[in-house]
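K.L.:
Sharing a structure, written as structure tokens. Questions coming.
The values are calculated or read from the model by the stated rules, or taken from the named source; none is laboratory data. Only a predicted model underlies this, so the values are computations on that prediction, with no experimental measurement involved. Quick reminder, even Gly has a Cβ in these numbers, built from the backbone with ideal geometry, and neighbours come from all protein chains shown.
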Amino acid sequence: MATYYKYAERNAESQVNWAEVGKGLSDMLTEQARLREEKKAAIDEAYQIDVKKLVNAPQGTWQDGNATVNNFAHDMMAQQLIDYRLLKNGIMSERDYTLRRENYKTGTNTVFELQKILQEKKAATIDLYQKGEIQALNIANMAEVESYTDFANAKIDIDPYNPNINMSIYETKMINGEQVRVLKKTSPVNVLKGQLLQNIPAFKLDENVTKAVDSLGVDSEFIYKAATTMGSGSITKLIGYGAIAGEYEKKDKNGNPLYPQFEAPVKKFNDAIEQTINGYFSNPYHISSVLTENTGNYSAESYTWSKEEAAKDKGKLLLKMDQLTGLPTLDESAPNYKEQEQEARDYVKKIILGKLDAKREIVPISKEQVQFTPEYVTRGATAAKDAEAAAGYWNQLYTGQTAAEKKAAADILLGTPIAQQQGLLGIDMSQNGKITLKYADPVKNRTLDYLDASGNPINLRDFSALGVELHGIVDRDKAVRAGGGGAGFGNVAAEDLMNVKSTRQGPAAAPVIVKVPDSIFTIKSEQSVQNLKSLLPADFVIEENTGFFGASNDVVVTAPTGEKFTYNANLSPAEIPTAKEGLQNFIKANSTAGGVGAKYN
């Protein structure tokens, strides 16, 4: 009995107050019902507001426009009524209904605003274009949007399956003997709005080319013989790439260059020019800008969206929509794109060449000064002696019978006036059969072979010609004579050549200061990498940041110091100033470590 007594006692203590529980459940269900009714009321009210707005769609004085807007308003009311009934019947979820309503609301507002935005933007766009701030593609964009607002041929379409509002243009075609209205082109209204609001800047070709020419170092001076072996004559001094290239193009009766000594500088400048143009055109909008703003062969009317039209007319520039930016860009698959790109490249190269020095000066000489073969400029007796001495030390790299003799020649050659003027920092013969010349400007670095394909040494005459940049004597026979005659090749064991090196410390490098353009942070990361590469020295490494899922929008910049900086190439306008300042400060702070010479020791 005691056991049952105690059990009953515990049961009594744990008794539930069902009346209170019932009241709580009733209150909860009542509140949920109230909230559902409020939400339904809110949905009903929003629906009525949308319908009222469509009923009162803005009207103008243009009959075609009013009819188009009215038709759209009725179509939208019908579509929203369908969605509303699907929601009420439980077929469409509240989430889907809300998302569709917001899309339709945004699209409807854009439809009603589009013509107003067009009129407001038109004058400003034309003004910027006339000032050269933006390119003709903006005018083409504006004309494209304007064609969609020509309601005599346009219609506002609603896509019920992917709730977008599109502007469409129709045309009349004869099909099976009947005139039929068919769709010509269509575009979402938000894309058209973006085309109006986004300005695509013009590429400042002259400004960029001027900077490029300044960096190419075009003040090298060369001369070639224009005197005869009889009496007094004259020599012609060539200044700059343009004049040198002109002489290099001259051929003898066998088709060989009359002045082969100009091959190296011509090739160097051609490579530098190509790299410069590659940097420009890593941004496709620079190509379109050069074609329309500079060549004079294209204009805003040259752009087309029709592949058929572009295939028939080489003067048409085919456009496609960039899926990332939502802006039109040149279609690289167009049948004439490669020719048009080459046209732009050729034009830019012509402008660069036009800005390079190309002077010819006739300098009279006396009988005693007559030169019988082309050679680099030498000024006065001292310069001539320096050139002959340098030729002698260069030849000793070939004729030296021991590693010590070759090393001594390299040490002396490194200190000659010509070598210092050229910025030579190192001579390295440690690799058998090769001489490596290293300069303060790494673009000038060269590795020269003095063994032929069979592994035998070339003759001294040819070896002398290899060193023309360090002694300046183009005449091979004269260069051999300057070195003391025809001594044979000094064959030194490969292991002994390992120590035949000579280096000197170069000047400390100045900080790299660049003005990073805003566009670096508003384009594809791949394009951002290429654009930044064109601004920075080659010892900066710029690459996309890739991970498990492939390339991201992040770009990683690695300085010569090893320090890294990461930025995002898809920033909002408000974020750009901070990222830009950080990148510029990083480049400046991490570009001087070790000095120029440190890279060659």
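K.L.:
Given the criterion assigned by TED's automatic domain parsing to the domain that holds Gln119 and more than 20 Å from Thr108 (Cβ to Cβ), identify the matching residue among Tyr170, Tyr148, Tyr161.
P.N.:
On the way: Tyr148 fails: more than 20 Å from Thr108 (Cβ to Cβ); Tyr161 fails: more than 20 Å from Thr108 (Cβ to Cβ).
Unique residue meeting the criteria: Tyr170.
K.L.:
Return only the number of the condition from (1) within 22 Å of Asn103 (Cβ to Cβ); (2) in contact (Cβ under 8 Å) with a residue 24 or more places away in the chain; (3) of a type in the set (Lys, Arg) that Lys121 does not satisfy.
P.N.:
(1)
K.L.:
Scanning for something within 25 Å of Asp475 (Cβ to Cβ) and assigned to a helix (DSSP H, G or I), does segment 438-446 turn up at least one residue? Please lay out each step first, then the result.
P.N.:
Start the filter on segment 438-446 by keeping residues that are within 25 Å of Asp475 (Cβ to Cβ), which leaves 439, 444, 446.
Restricting the remaining residues to those that are assigned to a helix (DSSP H, G or I) gives 444.
Yes, because at least one residue in segment 438-446 is within 25 Å of Asp475 (Cβ to Cβ) and assigned to a helix (DSSP H, G or I).
K.L.:
Quick one: how many residues across segment 415-437 are within 23 Å of Ala403 (Cβ to Cβ) and outside any helix (DSSP H, G or I)? Break it down stepwise before answering.
P.N.:
Restricting attention to segment 415-437, the residues satisfying the condition of being within 23 Å of Ala403 (Cβ to Cβ) are 415-416, 419, 424-437.
With outside any helix (DSSP H, G or I) added as a condition, the list becomes 415-416, 424-437.
Count: 16.
K.L.:
If I go through segment 300-344 residue by residue, how many of them are more than 27 Å from Ser528 (Cα to Cα) and among the charged types (D, E, K, R)?
P.N.:
The number of residues fulfilling the criteria is 8.
K.L.:
Could you check Val111 against (1) farther than 25 Å from Thr304 by Cα; (2) at pLDDT below 85 and say which number it fails?
P.N.:
(1)
K.L.:
Take Arg461 and tell me if it is within 20 Å of Gln401 (Cα to Cα) and modelled with pLDDT under 80. Let's see the steps before the verdict.
P.N.:
On the way: within 20 Å of Gln401 (Cα to Cα): yes; modelled with pLDDT under 80: no.
No.
K.L.:
Report, ordered by the first and then the second residue, all pairs with beta carbons closer than 7 Å, sequence separation of six or more or different chains, a first member in segment 200-217 that is modelled with pLDDT under 85, and a second member that is aromatic (Phe, Trp, Tyr).
P.N.:
Leu216/Phe269
K.L.:
Follow-up question, since we're still on this one. I'd like the full set of residues that are touching a Ser or Thr at 6+ places or on another chain (Cβ under 9 Å) and modelled with pLDDT under 80, limited to segment 487-528.
P.N.:
Hits for segment 487-528 are Ala487, Gly488, Ala508, Ala509, Ala510, Pro511, Val512, Ile513.
K.L.:
If you take the residues of segment 310-331 that are touching a Leu at 6+ places or on another chain (Cβ under 9 Å) and among the charged types (D, E, K, R), which of them is surrounded by the fewest Cβ atoms within 10 Å (Cβ to Cβ)?
P.N.:
Ranking the qualifying residues of segment 310-331, first place goes to Lys320.
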